[in-house]
Amino acid sequence: MIERRIADAPFEQSVLDAIARGREAFLPGELASGIEADTLLLWCGDDQVIDASAAAIWADALPRSRTLLLDGCNHMPMMEQPQATATALLDFLR
């Protein structure tokens, strides 16, 4: 997995540069209030990449959202807590 991450690093950096510094960087936030679908904001409470406080910002922007913070995970709940992630998704879909 480490070798793959190293090999993918240039691509990942180009994506981050495009979404974080390009003219479209703020577009998701600007369009969020127009999303009418039910939305689950599943966030890691200990996220070291995007602070968990960002979930509240998205919740304010998404009129039909529900937020769930998972304790004990960093940034990838589907990898770090697959069972809790699956349970959250199934509960949300019900």
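Quick check: is even one residue across segment 49-67 in contact with a Gly (Cβ under 7 Å, 6 or more places away or on another chain) and surrounded by 10 or more Cβ atoms within 10 Å (Cβ to Cβ)?
Within segment 49-67, one or more residues are in contact with a Gly (Cβ under 7 Å, 6 or more places away or on another chain) and surrounded by 10 or more Cβ atoms within 10 Å (Cβ to Cβ).
Can you pull out the residues in segment 75-94 that are surrounded by 14 or more Cβ atoms within 10 Å (Cβ to Cβ) and in contact with a Cys (Cβ under 7 Å, 6 or more places away or on another chain)?
Pro77, Glu80, Gln81
Out of all the residues in segment 47-75, which are within 19 Å of Ala20 (Cα to Cα) and not in a helix (DSSP H, G or I)?
The answer is Asp47, Gln48, Val49, Ile50, Asp51, Ala52, His75.
Just to be sure I understand the filter: pairs with C-beta atoms under 8 Å, separated by 6 or more residues or on different chains, first member in segment 12-41 and part of a loop (DSSP other than H, G, I, E, B), second member surrounded by 11 or more Cβ atoms within 10 Å (Cβ to Cβ) and modelled with pLDDT of 85 or more. Which pairs pass?
Ile35/Leu62; Ile35/Pro63; Glu36/Pro63; Asp38/Ser65; Asp38/Arg66; Asp38/Phe92
The values are calculated or read from the model by the stated rules, or taken from the named source; none is laboratory data. Small disclaimer: the values here were computed from a predicted structure and weren't measured. All Cβ positions, even for glycine, are placed from backbone atoms using ideal geometry, and neighbour counts span all protein chains on display.
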